[in-house]
Amino acid sequence: MKKFRIPALCLILVFIITGTLSADLSAQPGIPKPEEHFGFVPGSDYMLFNYEELIDYLMKLDKASPMVRLVENGQSPMGKKMYIAFISSEKNINNLDRLKEINRELALNPNLPDAKREEYFKDGKVFFLATLSMHSTEVAPSQAAPLIAYKLVTSGDPLVRKYLDDVVYLMVPNHNPDGMDMVVENYKKYKGTQYEGASLPSVYHKYVGHDNNRDFVTLTQEDTRAIARIYNLDWFPQVMIEKHQMGSTSIRYFVPPATDPIAENIDAELWTWTGVFGTNMLRDLTNAGLPGVGQKTIYDDYWPGSTETCIWKNVIGMLTEAASVRDASPVYIEPNELQTGKGLSEYEKSISFPLPWKGGWWRLGDIAKLEIESTFSTIKTASLYKNDILKFRNDICRREVEKGKTEPPYYYVVPQDQADQSEMISLVELMKEHGVNAFRLTENYTLGGINLKTGDIVYPLAQPFRAFVKEVMEKQDYPVRRFTPGGEIMRPYDVTSWSLPLHRGVLSHEIKTRDISFEAKLKPLTGTWYPIGEGFKLPALFPVTSNGSFKAAILAMKNDLKVSRLTQEATINGRVCDKGSFLIQGSDNELLNTIVKESKTEPGYVQDPGKLASAPVTLPRLALVETYFSDMDAGWTRYLFDSYQLPYTVLHPDEFEKTDFTGQFDVVIFPGTSKALLMNGKPGSETAPSMSNYHPDYQKGMGKKGLEKLLLFVNDGGKIISWGQSTDLFTGMLEITRGDAKEEFMLPFTNAGDQARRDGLLVPGSLVRMQLKQDHPLTWGMPAEAGVFYRGNPLFNTSVPRFDMDRRVIGSFSEKDILISGYSEKEEKLSEMPAMIWIKKGKGEMILYSFNPQFRASTQATYKLLFNALFPSAEANGSEGIN
Ligand SMILES: [Zn+2]
């Protein structure tokens, strides 16, 4: 990179923000201007670049400027490379390794001597991580990325130079590269037509679409893991902002702090820092002449799962949200259309919204300005408080460790011996990925009256990420806050339960007594930990209690091994294997050992398989129904099936009419989607549809004819699996016609959910208790009682059937103590109501769940209720096996 000098006059000019985006920037020899690279000024109306063009530009900056280093940081689910662009002073960029080490020490070492701390405060830099446009329709932050980078690199302002001496800016130029390219391509496809700005007719991600911001506890997706690694294991930034957009008619820009409720486990000082950064943003943006900035509204800071989950890892984690345009097309907003959200009662001048925006045209470039200004403001604040922020990071590390020694609980213990071995192993591996310190117990020990065994996994709370350990290992109690004393409750923004052991059906002990001699028996869990050996031999029996056994069965069936399910309980190697356990036979032991690894489940060797009562099982031909409407629940189901390597065919509702269901499929699966979308391809209700933003090609549902075809499939012996809202498809009067014979019927169940909601039932996404019918093929491997993830609708009732129909209640909500984890109102309305039902019609059957058995791939405790429905053994198939 060539050295350059800028005339003094220019130094002043370059830092002045004018109405245009980059015209104010002086040309820098060798540093490519964004418009030269993209062919337009980013943020211009109707113009978008894609991910590859963005990365190409940053690569050019990396080459041209010693202040930029682009570092590869993982892969997207569809195989695109992900990056962090480090932007800072040349000196810092050349010193990243040393600065990284300082970050790690400040973040993780509670025993730093004072002199060392002082040295690190002086030599260290604030690392500010910004993740842009994880939600791909929220295009502006990534479109502003080149402007931000160019402006930082070329600014001759001595103050900006000073800030970049103190701060290393880590820009993730796009959090969701797959989605960015999908959305940009879709926008270009319709640009200039009457359907400009039409929504993408799928999720903008390989699987989870908008729910990528719900994945930061469970870390199921590759892009999530790439981002989380930055603060869990690699760079330990002290400050993080995720950059989003919201609807068009709200305030123009949300800045921190969030509104109530806030997470109880988070250190008080961390909240005050979100206030410092946010208030400085509000001040700087207002000062720059940008109206409409508000704080303490709409977004609360209670639920983990977003990128902000880093606050549980001691990062000053925040969120900004800009009002949207239609992708890159401007929108005009009338003043009467402007509205507010929780925490801001009127769209009027307020202490947290001092300069309302008055309405009018709103453009991509307006958002880009907000993104540039808010980024510069954050860098400035980080610089102004550099030493305090670095001190805070080590102080909070010390405080969390100290709290873990003085405040119960002191340990969570996960026994190695579990009904579901695969989920225990997955949990331990997940915690490792979260950067949590884990230990193994080296001898049997009785603690707090609980007999713990050698090899059990121990999570002491005395560790830097204590808040995270506690948050995900305990059950959730929603912190009720009201808008006014005795007034309306502030309802949760998202779900209210995420406890890893409860959601996974993994036993864990919360220990509330501290014991120093117990701690002496702990050894750090190393990277090589794995509780399953090698050298397994066929025939092998995989216990049905382990989710992994279903994966083992799928892999075995795909590789032509003989698979059957026990129809009688059996004892193998002294271990009882329940009915439904998988017997795998064949001769390829090498393959078996691969299957064991994949399934994270230890099988038993079967000496004489002929003595076991079992019935064969084969891979079902599955159709998975996915609508065009950003169908995240279907996407999560695809993810679940892919992660179990289970083959399936995606079917859109508008394809039903021409589908030969009986010829092609054994099972049709309906994830939780509304009846209106499934039937008509329009949101709203079936009787009062509303318009959507999708091209008419995609505003199509199965229609009456498609539904009838589906019902004929069932009548003739097919199987339907349906959960959540999609079960509404099967309520009310249904009909099938054969030749001239028309048959009308009502299945023997109804949905009482709407009435219950009117009567005050509210379950915003909580774990509730369900009792399960025992010794039944649909509940094989399940305990008598389980926690299910429920969202308050539907609420089933059954009735006495007529003619060729029948029903059985497979699971019911408990009579009392219904709520296990999370929040609910009037949950007594659930008492003893059916939660999972089996319906027979003609020769076929339906399995209906009021809850989501696979919610966001985070409810492993109920996966078996879905898998059992997919893999009945021959004997259990059909009505004969149903009792
Ligand atoms: Zn968003």
**Item:** segment 416-495 - percent relative contact order, Cα under 8 Å, separation 6 or more
**Value:** 20
**Request:** Find which of 261, 66, 84 sits farthest along the positive direction of the dipole of the chain, computed with +1 on the beta-carbon of Lys and Arg, -1 on that of Asp and Glu, about the Cα centre.
**Result:** 66
**Sequence ranges 736-749, 180-193, 798-811, 464-477, ranked by mean other-Cβ count within 10 angstrom, highest first** = 464-477, 180-193, 798-811, 736-749
**Fill in**
Computed for the chain: size of charge dipole around the Cα centre, +1 on C-beta of each Lys and Arg, -1 on C-beta of each Asp and Glu, debye to nearest 20, value 1040
**Item:** Solvent exposure of segment 781-828 as accessible area per residue, Å², 1.4 Å probe
**Value:** 47
**Message:** Give me P(r) over segment 315-419, computed from all C-alpha to C-alpha distances, binned every 5 Å, as integer percentages.
**Reply:** 2, 8, 11, 13, 13, 11, 9, 9, 8, 7, 6, 3, 0
**Asked** Within straight cross-link reach of residue 600, meaning Cα distance under 19 Å, which lysines are found once same-chain residues fewer than 8 apart are removed?
**Response** 432, 537, 551, 558, 864
**Between helix 703-715 and the chain: long-axis angle, C-alpha atoms, 0 to 90°, nearest 10** = 40
**Asked** What ranking do 847-858, 630-641, 115-126 get when scored by the average of other Cβ atoms within 10 Å per residue, highest first?
**Response** 847-858, 630-641, 115-126
**Request:** Mind listing the long-range amide H neighbours of residue 452? Cut-off is under 5 Å, sequence gap 5 or more, other chains count too, H placed in the peptide plane at 1.01 Å from N.
**Result:** 445, 446, 447
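Run the dipole for segment 454-518 about the Cα centre, Lys and Arg Cβ at +1, Asp and Glu Cβ at -1, nothing else charged, and hand back the magnitude in debye, nearest 20.
With Lys and Arg at +1 and Asp and Glu at -1, about 160 debye.
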**Message:** In whole Hz and in residue order, list the ³J(HN,Hα) couplings for segment 328-340 that follow from phi through the Karplus curve 6.51 cos²θ - 1.76 cosθ + 1.60, θ = phi - 60°; x for Gly and Pro.
**Reply:** 10, 8, x, 10, 10, 10, 6, x, 5, 7, 6, 9, 10
**Message:** If I fit a long axis through the Cα atoms of helix 51-64 and take the longest principal axis of the Cα atoms of the chain, what angle between them do I get, 0 to 90°, rounded to 10?
**Reply:** 40
**Fill in**
In whole angstrom, the spacing between the Cα centers of segment 69-112 and segment 406-474 equals 29
**Asked** Under a no-solvent Debye model with one identical scatterer per Cα of segment 405-459, what's log10 I(q)/I(0) at q = 0.22, 0.25, 0.29 Å⁻¹?
**Response** -0.92, -1.10, -1.24
**Fill in**
So the FRET efficiency between residue 355 and residue 248, C-beta based with R0 = 25 Å and rounded to 0.05, is 0.85
**Whole-Å semi-axes of the ellipsoid equivalent to segment 779-842 (Cα gyration tensor, √5λ, descending)** = 25, 15, 9
**Complete:** Summing +1 per Lys or Arg and -1 per Asp or Glu among the other residues with Cβ less than 12 Å from residue 320's Cβ gives -4
**Message:** When 1/r is averaged over all different Cα pairs and the result inverted, which Kirkwood radius in Å belongs to segment 180-339?
**Reply:** 17.5
**Prompt:** Scattering from the C-alpha atoms of segment 160-199 alone, worked out with Debye: what is log10 I(q)/I(0) at q = 0.29, 0.32 1/Å?
**Reply:** -0.93, -0.98
**Request:** Step through the residues of segment 495-508 one at a time and calculate ³J(HN,Hα) from phi using the Karplus curve (6.51 cos²θ - 1.76 cosθ + 1.60, θ = phi - 60°), rounding each to whole Hz and writing x for Gly and Pro.
**Result:** 5, 10, 9, 8, 3, 4, x, 5, 5, 9, x, 9, 6, 9
**Asked** What are the residues whose amide H is under 5 Å from the amide H of residue 244, where those residues sit 5 or more places off or on another chain and H is modelled from the backbone?
**Response** 320, 321, 322
**Prompt:** Tell me, what ³J(HN,Hα) does each residue in segment 624-637 have, in order and in whole Hz, if you take phi through Karplus 6.51 cos²θ - 1.76 cosθ + 1.60 with θ = phi - 60° and put x for Gly and Pro?
**Reply:** 10, 8, 10, 7, 7, 9, 6, 7, 5, 5, 5, x, 4, 5
**Request:** Would you work out the relative contact order for the chain, in percent, from Cα pairs under 8 angstrom that are 6 or more residues apart?
**Result:** 10
**Item:** Flagged links, alpha-carbon separation over 27 Å, of 773/816; 80/523; 80/719; 191/705; 562/840
**Value:** 80/523; 80/719; 191/705; 562/840
**Complete:** Per residue, the convex hull enclosing the Cα atoms of segment 755-883 spans a volume in Å³ of 107
**Message:** For a quick check: with amide H placed at 1.01 Å from N, whose amide H comes under 5 Å from residue 684's, ignoring anything fewer than 5 positions away on the same chain?
**Reply:** 690
**Request:** Could you tell me which of 837, 710, 793 has its Cα farthest along the dipole of segment 700-852 towards the positive end, charges placed at Cβ (Lys, Arg +1; Asp, Glu -1), taken about the Cα centre?
**Result:** 710
**Prompt:** Ignoring ligands, DNA and RNA, what percent of the 1.4 Å accessible area of the chain is carbon and sulfur?
**Reply:** 49
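In the P(r) worked out for the chain, what percent of Cα pairs fall beyond 50 Å? Let's see the in-between values first.
Working: 85753 of 389403 pairs.
The share of Cα pairs beyond 50 Å in the chain comes to 22 percent.
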**Asked** Running Debye on segment 413-498 with equal point scatterers at the Cα sites and no solvent, what base-10 log of I(q)/I(0) appears at q = 0.12 Å⁻¹?
**Response** -0.52
**Item:** As computed over segment 817-863, the Cα convex hull volume per residue (Å³)
**Value:** 108
**Prompt:** So what's the gap between the Cα centers of segment 761-799 and segment 232-250, to the nearest angstrom?
**Reply:** 36
**Asked** What is the helix-to-structure angle for 421-433, meaning the angle in degrees between its Cα long axis and the longest Cα principal axis of the chain, kept from 0 to 90 and rounded to the nearest 10?
**Response** 0
**Message:** Let's test this: bin the Cα-Cα distances of segment 632-703 at 5 Å from zero up to the farthest pair and state each bin's percent.
**Reply:** 4, 14, 22, 22, 19, 12, 6, 1
**Lys/Arg +1, Asp/Glu -1 at C-beta; the chain dipole; positive extreme among 136, 683, 192** = 136
**Request:** Over the alpha-carbon set of segment 243-302, work out the extent along each principal axis and list the three values in angstrom, largest first.
**Result:** 36, 24, 16
**Asked** What is the local net charge at residue 351, summed over the other residues whose Cβ is closer than 14 Å to its Cβ (Lys, Arg +1; Asp, Glu -1)?
**Response** +1
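The values are calculated or read from the model by the stated rules, or taken from the named source; none is laboratory data. The structure displayed is predicted, hence computed values, not measured ones. Methodologically, a virtual Cβ is constructed for each residue, glycine included, from the backbone with ideal geometry; neighbour enumeration extends over all protein chains shown. When the accessible area is computed, the model is the full protein with side chains, heavy atoms only, and any ligands, DNA or RNA have been set aside. Shrake-Rupley method; radii C 1.70, N 1.55, O 1.52, S 1.80 Å.
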